[in-house]
Structures are given as C-alpha cells and as structure tokens.
Amino acid sequence: MKIYIGIDVGSVSTNVVAMNQNYNVIFKEYIRTNGQPLDSVKKGLKMLEKNLDHSFDSVVGVGTTGSGRQLAGIMVGADIVKNEITAHASATIQFHPDVRTIFEIGGQDSKIIIIKDKMVVDFSMNTVCAAGTGSFLDHQAERLGVPIQEFGDLALTAKKDVRIAGRCTVFAESDMIAKQQYGFSKAEIIKGLCDALVRNYINNLGRGKNLEPPFIFQGGVAANKGIKAAFEKEIGHEVIIPQHYNVMGAIGAAILAREYIEKTGQKTKFRGFGAADFDFSPTSIECGACANSCEVIKVDLNGKTVAMWGDKCGKWTNSLVG
Amino acid sequence: MRVGLPRALIYHYYYPLWKNLFEQFDVQVVISDITSKELIQKGIKVTVPEICLPIKAFNGHVINLLSKNVDYIFIPRFVGIESKKWFCPKFIGLPELVGYSIDGVKDKMLTIDIHGNREDTCLLENYRPLCNVFNITEKELKKALKKASAYWQEFKQYCMKGFTIEESMQILNGEQMVSNTHPEITLGLLGYVYNIYDPFVSMDIIKRLRQMDVKVITFEMMHEKDIANVFSKKSKSIYWTFSNKIYGAAKVLMNDPEVDGFIHVTAFGCGPDSIIGKLMELDSDKFRKPFMTLRVDEHTGESHLQTRIEAFVDMIKRKKFAEQRRELA
C-alpha cells in the first residue's frame, strides 16, 4: 500500500501521521515537543516504523508543517514543506468538504480559516500575544492544580457564570485570583477562563469576518470540552470536532505531499526510517559580519553541514550551493 | 563639503533628486548604512517609545551619519507637495523630532521646508536656504533644480515600467535589469516607500514574494494620473499625500483583473493607515479580492511574517489554479 507521511512540528506538540491511498489515517502520534523538536520527530518515526507492515507498505511521499517545518523537512527529506494554514485547511476539507469556518487553537498560536467551495478565502492568525492559546490554559491549569485533561469536564460542572478578563494572560491571572477570593468555585473559575479565551479569540481573530457554519474546531485545545461549550455559546451554533482533531496539521501535510507527488510524478526524497538514527544536530550561531547580528541556524547531518538559514544577506545560505 | 542623507522615510522616493542636485555643487553625498538591528536599536533608544517604527529608524540613521564625519545632515520638513494635501504631522515636525531626540545634531541639521504643489519639490523657494550653505547664487540653484528634476523624472519613468525603486536607481546608474519572467500571480503591495523598501522593516518582502513567483505592483509603479483620476469629483480623496496615493493605487488595482490580491504593509501605530487600511479592506471585500494586513514594529518576528506571506500566496495560487482547471474542464 502507498503511504504518505505528514509531520507537524509545533511549539507544544510534534505530530506524526501516516495516511494510505484512501485518505485513511493508519497511524497517528501526538508527542509533546518539550523544546526538543528533532528528538520528537525521531520518536514519532520510530513508532511509525514499528507500526507499518514493511513487506506491504511503502512510503511514497512526506510533508512537513508547523513552526519547525523547515528543520524537520531537512531531517526526514520532505517532498513538501508547507505553512500551517494550508496544511490545516487541506485536512479539514478532506474530511468535512462542506466546512466554512475552521477554528484552530494550538499551543502557541491560533487561527481562523474561512473556506468557501473547498478553498481558503481568508484567514487570520494571532500575532505576538499568546493569550488565547493552549499554553495559556496549560499555565492556568497548573496554577489551579487541575490536570489539563480534567479542565474541560470540570468547567461543564459550573453552576454560575463568572466573567474573567481574558485580554491578557497577566491580567487574567490577577482577575482569577480576585474571583477566587470572592468565593467562586474552581469549576466556575475554569468555566470563566474558557469563556474568556473564546471571547478573546473571536474578538481578535474573527473581527470583521463573516463566520458561517459548519464550524470545525481543531488543534490540541479542541480536546477541552469547556472550550467547545464556550464556542457554542459565543457563536450560538453547533461546533464540530473532527475525529483526528489534534493531528490535523500533520494530516494536511500528508495530503499536500500526496498532491505534490501525484502532480509532479516525482519519487519521494524521504531519507527512510534510518533518518531516526542519523546524527542530526542543529546549531545556532550569531553571525558577526555586520551590525544585523543574524541568528544563523546550521544543520549538520553525520558531521556534514546540509542546511543553513536565518541570515539576511544570504552569505551562509548560499555558502552551501555547489 | 560632505552632506549626509539618512536612508529612511522619504529618502527612498527622492534620493536620485537630492543626489543629483547636491553633486552639481560639488557636494559629497554620504548615505547612512542600510538599516540593521544595531542601527534601529540606537534609534529606539533616543526616540519616544509611542512613536512609529519609521521615525525610530530615521533617528537611527541620523545617529549613524553623525559617525561618518559629515558637515551637514539633510533633514527636510515635508509640509505639502500638492494642493490641499499634507504630510503626516511627524514629517511636518521631523526636524524638531530629530533635534530634540539626538544630542549634538542641531548644529549639523540642514533643514528646508517643502511646500507647494509640485511632486518634484523643485520650487526655488523650497530650496533657497541652500544658497547660503553651498555659497551659490539663486540663478545657479534654479538651473540645478531644473536638471535634478529632469533626472528624477527619468527615475520615475523606470519605476512606472514596473521596476522597484532600487532597480530603477541601478538602471539610472547604467546597469541592466530584466523584469521577472513568468509570475504565477500578481499582488498589489500597498505601503509607504519607507516601509516597503527598508529591508529591515519589511524584511525584504518584495524579494520574498518574487521568490514565490509573485509579480508585485506598488503605487510608484503606476501612473500618477491614473491614481488621481480614480477619485471622482464627488468622492473625497484622502487628506495625506502619500496615503492618498496608496489608497488611489488600491482603487485602480481593485478594478484590474490581472491583480489577484493585496498585501498592506503598515507600521504599528500609523494614524493615516488606520483609516486607509480599513477603507482598502472594505473595498477589497466589495471586489472579492483577498486582502492581508502586515503590521510591523520592532518586535515583528521573521518566521511569523514568512508564514503569513506563504499562506496568503498559497491561498491565492490554489484558488486560481482550481478556477483555471474548472475552466479547462
């Protein structure tokens, strides 16, 4: 069977999926990145290798996406390296062709993607503030001593509404403490936080956009029932959570890899599962040649430099050519 | 005599004019370095925090020139270059903004006030203060202005052929340029010259877009008459000169079937852009052309900007090719 691999390297999680020709996801793994993107990718590849029937399955295309897409792409030998918007939208359209609005909330970024006739027509992403994202919830869960897995369920048990300022995580925190002192329960505070996150998200990203159903909610935060409920209350409509909600970016990367391979008829550049054992080391150097002090990323494979980027002038990037 | 030109703000638009003018009087023109992290940091340090990035960059360039052993630093006060239109207040107060921010600059500042209704700014009364400084007669100045204006017009002609400002300057210096061959899509790139053409501020957006096979059209690549005529007698034009040019350019390009979408590059905190940005966004909705705002400041991250540009270009390409496939079928 022909297999396409998709890898999404995000700030909080690294996801690896394998998809067969019928767009069935035959393997998926959600791994916490913990600041070690390459190790996470290696781990994911090893797990995938164990799960494939190698006499029968062969990898014919690989795609990477996410903030670490470039690095992961070089490591595994990706056929395509795509941005998260295109990847997420491609996956959602595959499983929910009638989708009009995608809410995606990840670890440190969030986006709204507007779709019409299976095409992305508009999108917005959060800029420098992570107020409406997964790390915000992670942080608050830790503060309240509630495991993040139980966060959503607990929110649903709240009996009263409490409004928490959600514009900024710093103020949300002090507001939360104040509301705790007023005597609101943990469940109510958590529900308040969910409402605040959604309110902030819709106000920031959805401003001026016409949000039409069907609404699809994906990304790691979609596991949180409290957020789903808050979304449904805020927009007054059902919100659908897709089956593979937490690995949609990776699925999209696999779909885009397939599209590319089929269009070009090329053979995959996949380095093989041995890539997991390669000695792969990215280092960062601060170039001192001019006043820009660019942070240049250098990637070595088995002791040989295979990629460099991050320099404004191209001095390092071009040094590898030839 | 050495006169320094800060490589910032309106420099990108008038550089050929001033260089030509000054050199006619045997003045050596010294340009500040290309914006770098260090240069901009120096500007930020001396500037009030709430002001926009382009002004901070300008101060950085002035500081840079102070170390280049120049006799003067040319800081014109742009008030107006067309009737009933003005410059942003920061341009009108620029000599003061710089003078009170940077120690030791006041003695070196060479300031003239630009008024009137000529795009080339070449009115004798605008440049008259130069007579004393350069020790020349009014007659000589008048003749030189005429020559400089003609030179600048030539530069503008190259811009209007679709070359960027940098490319047009290179052509003016006798270099050969080829326009991009087979772009897949065309985007209107809307923004002030000092944002678009500062490689640090816009992170080389034109280069990035061209690498993605995008043809880029900016306001200075268009004919001024087309831009002016787009405002009918009944509809109000915009109060600020360059904001009006950009909004006018957007209006012309909205009607151009070749243009697939728009990117508006704006500096965080820009007052005029808060108005034209919204107007252009509303128009693009009406004309069903994708529109994206890139708001830049000193904290803008490169990877984030790249992701947005990639996603925007991808969105337009995929849509366009799907439409083409449908038409073929």
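The values are calculated or read from the model by the stated rules, or taken from the named source; none is laboratory data. Worth saying up front: this structure is predicted, and the values here are computed from it rather than measured. As a convention, Cβ positions derive from the backbone with ideal geometry for all residues, glycine included, and neighbour counts pool all protein chains shown. Note: accessible area is taken over every heavy atom of the protein model, side chains too, but ligands, DNA and RNA are not part of it. Shrake-Rupley method; radii C 1.70, N 1.55, O 1.52, S 1.80 Å.
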- Message: For segment B:197-208, check the following and say yes or no: at least one residue is in contact with a strand residue (DSSP E or B) (Cβ under 7 Å, 6 or more places away or on another chain), in a helix (DSSP H, G or I) and either in the same structural domain as B:Leu9 (by TED's automatic domain parsing) or more than 22 Å from B:Phe91 (Cβ to Cβ) (or both).
- Response: yes
- Message: Every residue in segment A:261-277 that is more than 25 Å from the chain's Cα centre (by Cα) and assigned to a loop (DSSP other than H, G, I, E, B), please.
- Response: A:Gly265, A:Gln266, A:Lys267
- Going through segment B:243-275 in order, the residues found to be under 21 Å from B:Glu50 (Cα atoms), of a type in the set (Val, Ile, Thr) and either in the same structural domain as B:Ile40 (by TED's automatic domain parsing) or without any contact (Cβ under 8 Å) to a residue 60 or more places away in the chain (or both) are B:Ile275
- Kindly indicate whether A:Asp300 is surrounded by fewer than 14 Cβ atoms within 10 Å (Cβ to Cβ), in contact (Cβ under 8 Å) with a residue 12 or more places away in the chain and away from chain B (no Cβ under 13 Å). no
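So that you can scan it fast, the table gives a plain yes or no per residue for (1) within 24 Å of A:Trp316 (Cα to Cα); (2) in contact with a strand residue (DSSP E or B) (Cβ under 7 Å, 6 or more places away or on another chain); (3) open to solvent by less than 60 Å² (accessible area, probe 1.4 Å):
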{"residue": "A:Ile261", "(1), (2), (3)": "no, yes, yes"}
{"residue": "A:Lys267", "(1), (2), (3)": "no, no, no"}
{"residue": "A:Phe270", "(1), (2), (3)": "no, yes, yes"}
{"residue": "A:Gly274", "(1), (2), (3)": "no, no, yes"}
{"residue": "A:Ser281", "(1), (2), (3)": "yes, yes, yes"}
{"residue": "A:Glu286", "(1), (2), (3)": "yes, yes, no"}
{"residue": "A:Ala289", "(1), (2), (3)": "yes, no, no"}
{"residue": "A:Asn292", "(1), (2), (3)": "yes, no, yes"}
- Residue count, segment A:95-111 (criterion: away from chain B (no Cβ under 14 Å) and either of a type outside the set (A, V, I, L, M, F, W, C) or surrounded by 24 or more Cβ atoms within 10 Å (Cβ to Cβ) (or both)): 7
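For every residue, the table says whether it meets (1) outside any helix (DSSP H, G or I); (2) of a type in the set (A, V, I, L, M); (3) farther than 23 Å from A:Met125 by Cα.
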position	(1), (2), (3)
A:Val162	yes, yes, yes
A:Ile177	no, yes, yes
A:Gln180	no, no, yes
A:Ala187	no, yes, yes
A:Ile190	no, yes, yes
A:Tyr201	no, no, no
- Under the condition of being touching a residue at least 60 places away in the same chain (Cβ under 8 Å) and assigned to a helix (DSSP H, G or I), which residue from segment B:221-242 is surrounded by the fewest Cβ atoms within 10 Å (Cβ to Cβ)? B:Glu224
- Query: Scanning for something surrounded by fewer than 20 Cβ atoms within 10 Å (Cβ to Cβ), under 24 Å from B:Gln157 (Cα atoms), among the hydroxyl-bearing types (Ser, Thr, Tyr) and in the same structural domain as B:Lys146 (by TED's automatic domain parsing), does segment B:90-111 turn up at least one residue?
  - Reply: no
- Message: Of everything in segment B:266-283, what is more than 10 Å from every other protein chain (Cβ to nearest Cβ), more than 22 Å from B:Thr47 (Cα to Cα) and open to solvent by less than 70 Å² (accessible area, probe 1.4 Å)? Give them in sequence order.
- Response: B:Ile276, B:Gly277, B:Leu279, B:Met280, B:Asp283
- Residue count, segment B:45-69, condition surrounded by 17 or more Cβ atoms within 10 Å (Cβ to Cβ), over 17 Å from the mean Cα position of the chain (by Cα) and within 14 Å of another protein chain (Cβ to nearest Cβ), comes to 3
- Query: With respect to the numbered conditions (1) closer than 23 Å to B:Ile246 by Cα; (2) in a helix (DSSP H, G or I); (3) open to solvent by 10 Å² or more (accessible area, probe 1.4 Å); (4) more than 9 Å from chain A (Cβ to nearest Cβ), which one is the sole condition not fulfilled by B:Arg308?
  - Reply: (4)
- Is it the case that some residue within segment A:51-69 is assigned by TED's automatic domain parsing to the domain that holds A:Ala254, at positive phi and more than 19 Å from the chain's Cα centre (by Cα)? no
- Query: Name the residues in segment B:284-305 that are surrounded by fewer than 15 Cβ atoms within 10 Å (Cβ to Cβ) and part of a helix (DSSP H, G or I), would you?
  - Reply: B:Asp285, B:Lys286, B:Glu302, B:Ser303
- Out of all the residues in segment A:243-256, is one or more open to solvent by 70 Å² or more (accessible area, probe 1.4 Å) and more than 30 Å from A:Leu71 (Cα to Cα)? no
- Message: Here is a check on your reading of the model: is A:Thr133 of a type in the set (Ser, Thr, Tyr), under 30 Å from B:Phe312 (Cα atoms) and outside the structural domain of A:Asp8 (by TED's automatic domain parsing)?
- Response: yes
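Matching residues to (1) assigned to a helix (DSSP H, G or I); (2) among the hydrophobic types (A, V, I, L, M, F, W, C); (3) at pLDDT below 95; (4) closer than 22 Å to A:Gly310 by Cα:
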site: A:Ile5; (1), (2), (3), (4): no, yes, no, no
site: A:Leu45; (1), (2), (3), (4): yes, yes, yes, no
site: A:Glu49; (1), (2), (3), (4): yes, no, yes, no
site: A:Gly63; (1), (2), (3), (4): no, no, no, yes
site: A:His88; (1), (2), (3), (4): yes, no, no, no
site: A:Ala91; (1), (2), (3), (4): yes, yes, no, no
- Message: Considering only residues that are open to solvent by 80 Å² or more (accessible area, probe 1.4 Å) and within 24 Å of the chain's Cα centre (by Cα), which ones fall in segment A:144-169?
- Response: A:Gln149, A:Glu150, A:Arg167
- Query: Can A:Val120 be described as over 30 Å from B:Ile263 (Cα atoms), open to solvent by less than 40 Å² (accessible area, probe 1.4 Å) and outside any helix (DSSP H, G or I)?
  - Reply: no
